[in-house]
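Visitor: Let me give you the structure first, and then I'll get to my questions.
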Amino acid sequence: MRARSMVTVAVVALFGLAGVGAGPAVAAGGLLPHPGPDGLVWVEEMTGDGGVASGGAWDRLPTVLTVACEGGGSVAVTMDSQDVRVAEFAVDCPVGSAGVGSVTMDAGVVRSGSFTVGIDASHDSVRWALTVTQPE
């Protein structure tokens, strides 16, 4: 087992109360499935503003940040790696279905170690989920 896998989610601090999933299935009505073995972080569901911090990135693989949301409005998404902004995008959050936004960053853009993802929801009732993966 690679060292990266052993520390993938060694340090996860959520800015709010969100679950970091351990199982492979989506809960009923879930927005994003569990990311599987390539996953660094899975925030199964949260509402309103929030985010996540982790210490498990590896700079030798590409990084994919995916955010899904629903409930009307939008979310603004930011990702910082070692205090450098590496991604910023918005996702429209329709009522009754999920809007999804994703960005893929080349190997080396996200530096080894810690990163943060921030979610700024247009209103407190917007429901969202996110995954950060590093596919091999």
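The values are calculated or read from the model by the stated rules, or taken from the named source; none is laboratory data. Since this is a predicted model, take the numbers as computed values, not measurements. FYI the Cβ positions are ideal-geometry reconstructions off the backbone, even for glycines, and counts take in every protein chain you see.
Visitor: Does the range 83-92 contain at least one residue that is modelled with pLDDT under 95 and among the small types (Gly, Ala, Ser)?
Guide: Filtering the range 83-92 down to residues modelled with pLDDT under 95 leaves 83.
Subsequent filtering for residues that are among the small types (Gly, Ala, Ser) retains none.
Looking through the range 83-92, none of the residues is modelled with pLDDT under 95 and among the small types (Gly, Ala, Ser).
Visitor: For the range 102-136, give me each residue that is at positive phi and either buried (at least 16 other Cβ atoms within 10 Å of the Cβ) or under 10 Å from the mean Cα position of the chain (by Cα) (or both).
Guide: Within the range 102-136, the first condition is being at positive phi, and the residues that meet it are 108, 113.
Selection gives nothing.
Visitor: While we're looking at this one, here's another question. Run GLU70 past the list (1) charged (D, E, K, R); (2) under 20 Å from HIS34 (Cα atoms); (3) surrounded by fewer than 16 Cβ atoms within 10 Å (Cβ to Cβ) and report the number of the one that doesn't hold.
Guide: The single condition GLU70 does not satisfy is (3).
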